[in-house]
C-alpha cells in the first residue's frame, strides 16, 4: 500500500473554519484527519503542501516513521503549525490502518480501558442568573461535570472583537456565579472554569484563593504558558488543581509541566500535539506522574472521533471536552458519518478506523471564510488575551 495523495480542505463549519485533511492510498482506502490551529488554516494548508511532496509514495502504515520524518525532515524544529499539520496527517494514517485491518482505532492503541467515554459539558458564560439555570438543566439531564468560562459585569459584553475585558471584574463575576451554582446544585456536580490565558500571575492567584471554598475540580489555563517559572510561582500560591496544555504542539512542550508537578489534568489536543502518535506518548508520561488526561476538543467531528479512540485506550483518562451545543452546526452533507453523543458520553466505536467520514464533494457548499479570533482590550485601549 502506498500514499497516492494528501489533500487539505479549509472549510467553514458552524461559526468558524476547520482544516480537514484526507490521505488517499493506491488501494482506495482514504483516511481523514484534522489540524487544530483555529484561525490559521491557510498556514496549515501551506505546511501540508510541503509535507505532501515526500509523503506521496510512502507506506501509510509506517506511522511512527512518517511522524519522525515530518517532524525532523526540515532544519527548523517544531512549532504549532507543524505540530497541527502533522496531527492531521497522523490521525488520517491511523484511520487508514484501522480500515485496512477492519478494527476501530482504539484497538490499535492497546484496546479499551473503559466501556464509554465520559464528557464534561460547557454551559457557557458566568454572567448572570441564566448560568445557574443552564447548570441546573444540565444536572437534571444527568451531566456530572461542567466547565464554565468567565464573563464580565458590563451589560452588553458579548466577547466579540473589540470588546472590553477587565480581569478583576471578571474574577468577581466568576466567583459570585460559581458560588450561586454550587449553592443551587450542591456536591452532585463537579465545577471548573477556563480562563483561556487571560490573567496575570497575581490575578490568577487572587481568583484561586477566593474560589478555594467552592472546591473546583480545576482551573484551566489561568495564565499564558510560555513561562514555566510563572506557573511555578502560581502553583506555590494556591492549592486549586490546574488543567494545562491545550496549545502544546509536542511532547517536549509538556516536559517541564509534567516533571515539575505544575499540572493536574493534561489538556492534550490530538489535533495540535502531533496526532494520536504523540498524544499516546504524552499520556503515558503523564501516567507515570499520576496525572490524568482531559483532552481539549473544541473543533469538529474528526477531532472528536480521534479523541474518543484515544480516551478509550488510556488508563489515566478523566473526561472529554465536548461542545454539545456546537455539534448541531456540523453539516451532514460534509460529515455524513460522525460520533453520536449518548447522554453525557460516547459509547465505544465499533466500526473500522475512526468512525467518521468526510465528503470532499460538499466542500463547495461550505466555503472557507477568513476568521480571526476576537481581539479584546481593556478600558484603556491596551490589548488583552482572548
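Just one of 32, 6, 23 is under 26 Å from residue 297 (Cβ atoms) and within 21 Å of the chain's Cα centre (by Cα); which is it? None of the others qualify; the one that does is 32. Only residues that are touching a helix residue (DSSP H, G or I) at 6+ places or on another chain (Cβ under 7 Å) and either part of a loop (DSSP other than H, G, I, E, B) or in contact (Cβ under 8 Å) with a residue 40 or more places away in the chain (or both) were counted in region 196-215, giving 2. So which residues in region 235-257 are assigned to a helix (DSSP H, G or I), in contact with a strand residue (DSSP E or B) (Cβ under 9 Å, 6 or more places away or on another chain) and under 29 Å from residue 18 (Cβ atoms), if there are any at all? The answer is 254, 257. Take the residues in region 50-67 that are over 23 Å from the mean Cα position of the chain (by Cα) and part of a helix (DSSP H, G or I), then tell me which one is surrounded by the fewest Cβ atoms within 10 Å (Cβ to Cβ). That would be 53. All conditions but one from (1) under 25 Å from residue 45 (Cα atoms); (2) in contact (Cβ under 8 Å) with a residue 24 or more places away in the chain apply to residue 123; the one that does not is (1). Of all the residues in region 339-348, those that are farther than 17 Å from residue 141 by Cα and within 17 Å of the chain's Cα centre (by Cα) number 1. Among the conditions (1) assigned to a helix (DSSP H, G or I); (2) in the same structural domain as residue 141 (by TED's automatic domain parsing); (3) free of Cβ contacts under 8 Å to residues at least 60 places away in the same chain, the only one that residue 361 does not satisfy is (2). Within region 342-357, track down each residue that is buried (at least 18 other Cβ atoms within 10 Å of the Cβ) and either out of contact with any helix residue (DSSP H, G or I) (no Cβ under 7 Å at 6 or more places or on another chain) or free of Cβ contacts under 8 Å to residues at least 60 places away in the same chain (or both). Within region 342-357, 344, 345, 357 meet the criteria.
Against the conditions (1) surrounded by fewer than 18 Cβ atoms within 10 Å (Cβ to Cβ); (2) out of contact with any strand residue (DSSP E or B) (no Cβ under 9 Å at 6 or more places or on another chain); (3) within 28 Å of residue 248 (Cβ to Cβ), residue 114 satisfies every one except (2). Restricting attention to region 2-36, the residues that are on the phi > 0 side of the Ramachandran plot and at pLDDT 95 or above total 1.
Being under 19 Å from residue 320 (Cα atoms) and surrounded by 14 or more Cβ atoms within 10 Å (Cβ to Cβ) is the filter here, so list the residues in region 128-143 that pass it. I'd like the intermediate steps shown before the answer.
Keep residues of region 128-143 that are under 19 Å from residue 320 (Cα atoms), which gives 135, 138-139, 141-143.
Passing the criteria: 135, 138, 139, 143.
Among the residues of region 317-338, those identified as surrounded by 15 or more Cβ atoms within 10 Å (Cβ to Cβ) and either in contact with a helix residue (DSSP H, G or I) (Cβ under 8 Å, 6 or more places away or on another chain) or assigned to a helix (DSSP H, G or I) (or both) are 317, 320, 322, 326, 327, 330, 331, 334, 335, 338. Scanning region 71-106 for residues that are modelled with pLDDT of 95 or more and assigned to a loop (DSSP other than H, G, I, E, B), we see that the one that is nearest to residue 347 (Cα to Cα) is 103.
Sort through 314, 310 and tell me the only one that's in contact (Cβ under 8 Å) with a residue 24 or more places away in the chain, in contact with a strand residue (DSSP E or B) (Cβ under 7 Å, 6 or more places away or on another chain) and surrounded by 16 or more Cβ atoms within 10 Å (Cβ to Cβ). Break it down into steps so the answer makes sense when it comes.
Numbers: 310 fails: in contact with a strand residue (DSSP E or B) (Cβ under 7 Å, 6 or more places away or on another chain).
Of the residues listed, the single one that is in contact (Cβ under 8 Å) with a residue 24 or more places away in the chain, in contact with a strand residue (DSSP E or B) (Cβ under 7 Å, 6 or more places away or on another chain) and surrounded by 16 or more Cβ atoms within 10 Å (Cβ to Cβ) is 314.
For region 220-243, check the following and say yes or no: at least one residue is surrounded by 23 or more Cβ atoms within 10 Å (Cβ to Cβ) and in contact (Cβ under 8 Å) with a residue 60 or more places away in the chain. Yes: one or more hits.
From the list 336, 370, 315, 298, the lone residue that is at pLDDT below 95 and in the same structural domain as residue 273 (by TED's automatic domain parsing) is 298.
The values are calculated or read from the model by the stated rules, or taken from the named source; none is laboratory data. Quick caveat, the model's predicted, so the values are computed rather than measured. A quick note on method: Cβ atoms are made from the backbone with ideal geometry, for glycine too, and the neighbour counts reach across all protein chains shown.
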